[in-house]
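I have placed the structure first, in the form of structure tokens, so that the comments after it can refer back to it.
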Amino acid sequence: MPAPHPTVITVIQDDKPLEGASVVLMPMDSSNSWSAGALTDSGGKGTLKTLSQYDGVVPGKYYVLVSKREAEESYEVPPPDPETDPEGYANYMRTYSAKIVPSFDLIDPKFARASADQTIEVIAGKNEKTIDVGKAVRQKR
């Protein structure tokens, strides 16, 4: 693998840093197979890792994809132990896994698609870019 270089993407929404956004760098060149990603912190900064384990990003041109989603509801009820209560576990799985939980995009979905408007060229050395995702949204998926 070529040497990765420090890369930080800052995500801004409504003129404020956005925490919890998923940032993915997708190579623009088919000869580059080194994608990278991060979640943004409370300052809106995502420090990228290649293949989720190597600090930094391999030099090249990338699309910057940004998304943030939330589920309408979550199930906090733990399932019964399938070893000690197989019938209860089966009932739990029928009840909860069959439910389709609506989810919502909290960033305009256009930012989660490859676009010539959202790119970065990673070079040797430190790389930084800010992406402004505009106004907050809550669009059902």
- prompt: Considering the chain as a Gaussian network with a 10 Å cut-off on Cα pairs, which listed residue, S67, S22, S31, attains the greatest mean-square fluctuation?
  reply: S31
task: Pop out the ³J(HN,Hα) list for the stretch 25-41 in order, Karplus 6.51 cos²θ - 1.76 cosθ + 1.60 with θ = phi - 60°, rounded to Hz; leave Gly and Pro as x.
output: 9, 10, x, 7, 9, 5, 7, 9, 10, 9, 7, 9, x, 6, 10, 7, 8
message: Of the listed values (1) 28, 18, 13; (2) 45, 16, 11; (3) 35, 20, 13, identify the label whose number matches semi-axes √(5λ) of the Cα gyration tensor in Å calculated from this model.
response: (3)
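How long is the gain from A124 to K110 if the chain were fully straight, where each residue apart is worth 0.36 nm and the alpha carbon distance is subtracted? It would help to have the intermediate numbers written out before the result.
Details: separation 14, 0.36 × 14 = 5.04 nm, distance 2.92 nm.
Using 0.36 nm per residue and subtracting the Cα-Cα distance, I get 2.1 nm.
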- request: Using a Gaussian network model of the chain whose springs link C-alpha atoms within less than 10 Å, name the residue from G56, G43, G88 with the highest mean-square fluctuation.
  value: G88
message: In whole Hz and in residue order, list the ³J(HN,Hα) couplings for the stretch 82-92 that follow from phi through the Karplus curve 6.51 cos²θ - 1.76 cosθ + 1.60, θ = phi - 60°; x for Gly and Pro.
response: x, 6, 9, 9, x, 5, x, 5, 4, 4, 4
task: Would you mind checking the stretch 1-41 for residues with the amide N under 13 Å from a putative spin-label position 7 Å along Cα→C-beta of D55?
output: 4-8
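From the helices alone, meaning DSSP H stretches of at least four residues, give me the mean residue ellipticity at 222 nm for the chain, per-run term -39500 (n - 2.57), in deg cm²/dmol to the nearest 500.
Values: 1 runs with 11 residues, N = 141.
The helix contribution divided over the chain gives -2500 deg cm²/dmol.
Values quoted throughout were computed directly from the atomic coordinates according to the rules given, and no laboratory measurement underlies them. Quick caveat, the model's predicted, so the values are computed rather than measured. Glycine also receives a Cβ, built like all others from the backbone with ideal geometry; neighbour counts cover every protein chain displayed.
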